[in-house]
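Read through the structure below, which is laid out as structure tokens, and then see the notes.
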Amino acid sequence: MAQPITDTSKLCIHTITVKPWPIETAIDRFAAHGVSGMTVWRDALQGRDIAATGRRIGEAGMDVVSLCRGGFFPAETEAARQAAIDDNRRAIDEAAALGAPLIVLVCGAVPKQPLVLSRQQIQDGIEAVIDQAAAAGIRLGIEPLHPMYADSRSAITTLRQANDLCAAIDSPWVGVAVDVYHLWWDPELEAQIGRCGEMGKLFAFHICDWRTPTEDLLNDRGLMGEGSIPIRQIRGWVEETGFNGFNEVEIFSNRYWAGDQEQFLGRIVDAYLQHS
Ligand code: ZN
């Protein structure tokens with residue numbers, strides 16, 4: 001079991017966690033609460049000077065941890081798969097401008113297409129952009145999603161599959177983002193986190209909690225401590241691999257987005273210190 005967390009030096013929060021706030025407000029308020037890192041969702045950059053936004057995060061004393069998100073490679077037509085590759089190329093340019101060292105990949109799936117075919121298209125799509133990512137010095141993190149999203153969001157649903165894909169691609173620029181929300185149920189989780197670490201592929205660690213009942217498949221994630229996920233135990237497995245990066249709070253929640261974001265941010269920091 002990991003040691004309790006005593007400060008916010010490893011606390012990163014995703015912009016989408018406080019979706020109602022423009023990124024400028026999030027930067028100011030995160031910094032005021034002692035948050036140390038920020039993962040930026042691409043929608044938060046709409047209409048902004050991306051490089052200036054990245055500098056503003058740094059001037060506020062925070063690291064840009066990653067850009068969310070690339071991926072969504074599978075598609076039914078060649079043209080649509082090429083459009084996805086082009087969009088990932090734009091994401092690499094955006095990450096470079098922002099100063100983000102990592103792009104998180106939600107890999108994609110097509111509802112009536114076999115998962116095996118989608119996985120091949122994911123591998124092909126990632127391989128098509130590796131050279132550009134390497135030239136820009138930006139790593140790509142495959143995020144396996146919970147199997148409830150296997151129809152449309154990710155044909156990669158376990159850490160074993162993500163590790164296998166990394167092994168097949170075999171590039172130092174391609175690794176994994178481990179998100180407790182997606183992986184906590186997996187009986188292989190401890191072993192696959194260990195394997196991921198041994199491969200040098202553990203690039204990011206995302207936290208939140210699993211509410212009961214979950215009332216929305218996408219936007220009802222819980223605050224740490226509200227649900228079933230043994231976050232501290234999983235963090236322990238992650239840290240045993242030598243992982244020394246941020247603990248990234250990523251909460252999509254209609255109920256929290258409907259409330260006061262400043263109050264919510266205070267609760268995030270408290271929950272992080274008590275339950276992560
Ligand atoms: Zn995540």
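Each row is one residue, and each column tells you yes or no for (1) charged (D, E, K, R); (2) at positive phi; (3) touching a Leu at 6+ places or on another chain (Cβ under 7 Å).
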{"site": "G54", "(1), (2), (3)": "no, no, yes"}
{"site": "A60", "(1), (2), (3)": "no, no, no"}
{"site": "G71", "(1), (2), (3)": "no, yes, yes"}
{"site": "E76", "(1), (2), (3)": "yes, no, no"}
{"site": "Q82", "(1), (2), (3)": "no, no, no"}
{"site": "I85", "(1), (2), (3)": "no, no, no"}
{"site": "N88", "(1), (2), (3)": "no, no, no"}
(request) Counting only residues that are more than 30 Å from E262 (Cβ to Cβ), give me the helices (runs of 4 or more DSSP H) lying completely in region 10-110 with at least 1 of them. (result) 78-98
(request) Name every residue in region 172-198 that is open to solvent by 10 Å² or more (accessible area, probe 1.4 Å) and either over 11 Å from P144 (Cβ atoms) or among the small types (G, A, S) (or both), in order of residue number. (result) P172, W173, W184, W185, P187, E188, E190, A191, G194, R195, G197, E198
(request) Those residues that are in contact (Cβ under 8 Å) with a residue 40 or more places away in the chain and open to solvent by less than 50 Å² (accessible area, probe 1.4 Å), I need them from region 257-276; list them, please. (result) W257, Q261, F264, L265, G266, I268, V269, A271, Y272, S276
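Residue by residue through region 72-97, note down the ones that are under 20 Å from the mean Cα position of the chain (by Cα), open to solvent by 60 Å² or more (accessible area, probe 1.4 Å) and of a type in the set (D, E). I'd like the intermediate steps shown before the answer.
Going residue by residue through region 72-97, those that are under 20 Å from the mean Cα position of the chain (by Cα) are 72-74, 84-85, 87-97.
Pick out the ones that are also open to solvent by 60 Å² or more (accessible area, probe 1.4 Å) and you get 72, 89-90, 93.
Matches in region 72-97: D93 only.
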(request) Select from region 197-212 the residues that are closer than 17 Å to L102 by Cβ, under 16 Å from the mean Cα position of the chain (by Cα) and not in a loop (DSSP other than H, G, I, E, B) and write down the one among them that is farthest from the ligand (Cβ to nearest atom). (result) L202
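Identify, from the list I122, I103, the residue that is closer than 27 Å to T15 by Cβ, surrounded by 24 or more Cβ atoms within 10 Å (Cβ to Cβ), within 16 Å of the ligand (Cβ to nearest atom) and at pLDDT 95 or above.
Values: I122 fails: within 16 Å of the ligand (Cβ to nearest atom).
On inspection, the qualifying residue turns out to be I103.
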(request) Identify all residues within region 159-190 that are within 16 Å of the ligand (Cβ to nearest atom) and closer than 16 Å to R69 by Cβ; write none if there are none. (result) A162, G175, V176, A177, V178, D179, Y181, H182
(request) Please state which of the following conditions E127 fails to meet, knowing it meets all the rest: (1) within 16 Å of the ligand (Cβ to nearest atom); (2) open to solvent by 10 Å² or more (accessible area, probe 1.4 Å); (3) not hydroxyl-bearing (S, T, Y). (result) (1)
(request) Would you check if there is a residue in region 49-66 being more than 19 Å from C12 (Cβ to Cβ), modelled with pLDDT of 95 or more, surrounded by fewer than 17 Cβ atoms within 10 Å (Cβ to Cβ) and among the small types (G, A, S)? (result) yes
(request) Hey, can you tell me all the residues within region 124-171 that are in contact (Cβ under 8 Å) with a residue 40 or more places away in the chain, in a loop (DSSP other than H, G, I, E, B) and of a type in the set (A, V, I, L, M, F, W, C)? (result) I138, A150, A155, I156
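Just one of A134, A162, A167 is in contact with a helix residue (DSSP H, G or I) (Cβ under 9 Å, 6 or more places away or on another chain) and among the small types (G, A, S); which is it?
Values: A134 fails: in contact with a helix residue (DSSP H, G or I) (Cβ under 9 Å, 6 or more places away or on another chain); A167 fails: in contact with a helix residue (DSSP H, G or I) (Cβ under 9 Å, 6 or more places away or on another chain).
Going through A134, A162, A167 in turn, just one is in contact with a helix residue (DSSP H, G or I) (Cβ under 9 Å, 6 or more places away or on another chain) and among the small types (G, A, S): A162.
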(request) Keeping to region 131-163, report how many residues are surrounded by fewer than 16 Cβ atoms within 10 Å (Cβ to Cβ) and under 19 Å from the mean Cα position of the chain (by Cα). (result) 4
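Inside region 16-37, can you point out the residues that are in contact with a Ser or Thr (Cβ under 7 Å, 6 or more places away or on another chain), under 24 Å from G70 (Cα atoms) and open to solvent by less than 10 Å² (accessible area, probe 1.4 Å)? Let's see the steps before the verdict.
Within region 16-37, the first condition is being in contact with a Ser or Thr (Cβ under 7 Å, 6 or more places away or on another chain), and the residues that meet it are 23, 26, 34-36.
Next, from what is left, pick out any that are under 24 Å from G70 (Cα atoms): 23, 26, 36.
Result: I23, A26.
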(request) List every residue pair whose Cβ atoms lie under 8 Å apart, where the two residues are 6 or more positions apart in sequence or sit on different chains, the first residue falls within region 172-185 and is more than 14 Å from P230 (Cα to Cα) and touching a residue at least 12 places away in the same chain (Cβ under 8 Å), and the second residue, located anywhere, is more than 9 Å from the ligand (Cβ to nearest atom) and charged (D, E, K, R). (result) W173/R139; V174/R139; V174/K201; G175/R139; G175/K201; V176/K201
(request) Evaluate the following for R69: is it closer than 25 Å to I234 by Cβ, open to solvent by 10 Å² or more (accessible area, probe 1.4 Å) and under 14 Å from the mean Cα position of the chain (by Cα)? (result) yes
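The values are calculated or read from the model by the stated rules, or taken from the named source; none is laboratory data. These figures come from a predicted structure and were not determined experimentally. Cβ sites come from the backbone with ideal geometry, for glycine too, and all protein chains shown count toward neighbours. With ligands, DNA and RNA removed, areas are computed over all heavy atoms of the protein, side chains included. Shrake-Rupley method; radii C 1.70, N 1.55, O 1.52, S 1.80 Å.
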